[in-house]
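Here the structure comes first, spelled out in structure tokens, and everything after it is commentary.
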Amino acid sequence: MSSTKLNSIAQAMVAPNKGILAADESTPTIAKRFKDIDTESTEANRQTYRNMLFTSPDASDHISGVILFDETIRQTNNEGVPFPEYLASLGIVPGIKVDKGAKELAACPGETVTEGLDGLRERLNEYYDLGARFAKWRAVITIGDGIPSDACISVNAHALARYSALVQASGMVPIVEPEVLMDGDHTIDTCFEVTAKVLDVVFSELDNQKVVLNGIILKPNMVISGTDASNRADVATVARATVDCLTSHVPNEVPGIAFLSGGQSSEEATAHLSAMNELGPHPWQLSFSYGRALQASPLRVWNGNEKNIEAAQTEFLKRSRLNGLARTGNYDPQMESA
Ligand code: 13P
């Protein structure tokens, strides 16, 4: 695959005023989300829910791509059109989560390594045939007492680069996601330090394994205080720290950075993105690839009830539109109640 083709997919994923919907929750994770609304996690209910999101009127005004799960990429909309084909017909790039999850890292208590490299080449070929044009792999880094260890950062970065090289060879764009978790009472300065180190090791591995940087999308955490920190940093501080960290540790050739929301409230995730874009222009597009921050409120409105589908789609569209505005720094919290 030529780097020009990869770059044009990457550019479409971070098109202006739009962002990516991460709807790739694994079966156990979506079951947890459904449990919160007392809804059984059956295959039919999962199809109903994802169909509701993807067929929201005007979704493509603000959504550039959707990350699917293995089950979903094989499902159809209510008219029998396969989801990837349906999304592509709207100009939304279909993508696929390909990692097999974060597993305990031997000899490193409290840390994980993401698995899924064995057989990946064959799975990628199948996903390409099913219509996927990008892939996602999430590595998880935890901040705690004496962690992250160098070993944890190194094995996860190595796996991200192995995955990325294979994804590019199969004609798709890798989303490179090294997530430094928000869990804990650490300060924003600690998050900055760890995020900077992780990014350095990840880009060094990508370079070493000949990954073409203009054909990836980086999906990082924001530089933010731990969830349980006292005196959590405010929106302006998070925006400044995140932009400073990325400016010093992400090469300019990377076409786009699409943040994860990582447990921030929907409103916080939108406000942070908007504040960062206000600090622009930046060498890369600064966009979103949110799961919870796009889905939490529509999920609540839906509540597992057919009758609420239209209202839930309206809510999904609202979150997508507000994040779309945040792409140019034009979000204002007052728009939440408008
Ligand atoms: P959150 O936005 O809920 O963190 O999910 C994004 C994602 O895809 C995590 O891998």
Which whole number of Å³ per residue matches the convex hull of the alpha-carbon atoms in the chain? 128
If you take the C-alpha gyration tensor of the stretch 117-204, multiply each eigenvalue by 5 and take the square root, what semi-axes do you get, largest first, in whole Å? 29, 12, 10
Projecting each Cα onto the charge dipole of the stretch 110-250 (Lys/Arg +1, Asp/Glu -1 at the beta carbon, about the Cα centre), which of Met222, Ala132, Met182 comes out farthest on the positive side? Ala132
Report the residue, chosen from Asn221, Asn17, Asn252, that carries the largest GNM mean-square fluctuation when the chain is represented by alpha-carbon nodes joined by springs under 10 Å. Asn252
For the chain, modelled as a GNM with alpha-carbon contacts under 10 angstrom, which of Glu193, Glu104, Glu79 fluctuates the most? Glu79
Most packed first (mean Cβ within 10 Å per residue), the peptides 70-76, 186-192 order as 186-192, 70-76
Between His249 and Asn303, take the C-beta separation as r, use R0 = 56 Å, and let me know the FRET efficiency to the nearest 0.05. 0.85
As a test of the formula, what do you get for the chain when each DSSP H run with n ≥ 4 contributes -39,500 (n - 2.57) and the sum is divided by the residue count, at 222 nm and rounded to the nearest 500 deg cm²/dmol? -14000 deg cm²/dmol
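So how much slack lies between Ser26 and Ala88, counting 0.36 nm per residue of separation and subtracting their Cα-Cα distance, in nm? Write down the numbers at each step before the final one.
Details: separation 62, 0.36 × 62 = 22.32 nm, distance 2.22 nm.
Gain on stretching Ser26 to Ala88: 20.1 nm.
Over the stretch 184-256, what portion of Cα pair distances is larger than 19 Å, expressed as a whole percent?
Numbers: 986 of 2628 pairs.
Cα-Cα pairs of the stretch 184-256 separated by over 19 Å account for 38 percent.
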Sort all Cα-Cα distances of the stretch 20-82 into consecutive 5 angstrom bins from zero, then give the percent of pairs in each bin up to the one containing the longest distance. 4, 16, 29, 25, 17, 8, 0
25 Å Cα-Cα threshold exceeded, pairs from Lys35/Lys307; Lys18/Lys100; Lys97/Lys307; Lys18/Lys103: Lys18/Lys100; Lys97/Lys307; Lys18/Lys103
For the Glu310, Lys210 Cβ pair and Förster radius 30 Å, calculated FRET efficiency rounded to 0.05 is 0.05
Label model pair Ser60, Glu40: point-to-point distance (7 angstrom along the Cα→beta-carbon line) in nm is 3.6
Could you work out the relative contact order of the chain, using alpha carbon pairs under 8 angstrom and six or more residues apart, expressed as a whole percent? 19
Simple spin-label model, 7 Å along Cα-to-Cβ: Glu71 to Arg121 in nm? 3.1
Using the reciprocal of the averaged 1/r over all distinct C-alpha pairs, how large is the Kirkwood radius of the stretch 261-337 in Å? 12.9
Sticking with the crude label model, points 7 Å out along Cα→Cβ, report the distance from Thr237 to Ser2 in nm, one decimal please. 4.9
Which peptide among 143-153, 82-92 comes first, and what is the full order, when sorted by highest mean count of other Cβ atoms within 10 Å? 82-92, 143-153
Around Ala258, which amide H atoms from residues at least 5 apart in sequence, or from another chain, sit under 5 Å from its own amide H, with H modelled in the peptide plane? Leu218, Lys219, Ser287
Along principal axes, Cα extents of the stretch 210-308, largest first, whole Å: 48, 36, 24
Quick query: amide H of Thr76 versus all other amide H atoms, modeled in the peptide plane; which residues come in under 5 Å with a sequence gap of 5 or more or a different chain? Phe83
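With a ≥ b ≥ c taken as the square roots of the eigenvalues of the C-alpha gyration tensor of the stretch 101-142, please select rounded if a/c is under 1.5 and otherwise prolate if a/b is larger than b/c or oblate if it is not?
Values: a/c = 5.80, a/b = 2.51, b/c = 2.31.
Judged from the Cα gyration tensor, the stretch 101-142 comes out prolate (a/c at least 1.5, a/b above b/c).
Rule-based calculations on the coordinates, nothing more; no lab input. Everything numeric here is computed off the predicted structure, so don't read it as measured data. Every residue, glycine as well, gets a Cβ built from its backbone with ideal geometry; the counts of neighbours run over all protein chains shown.
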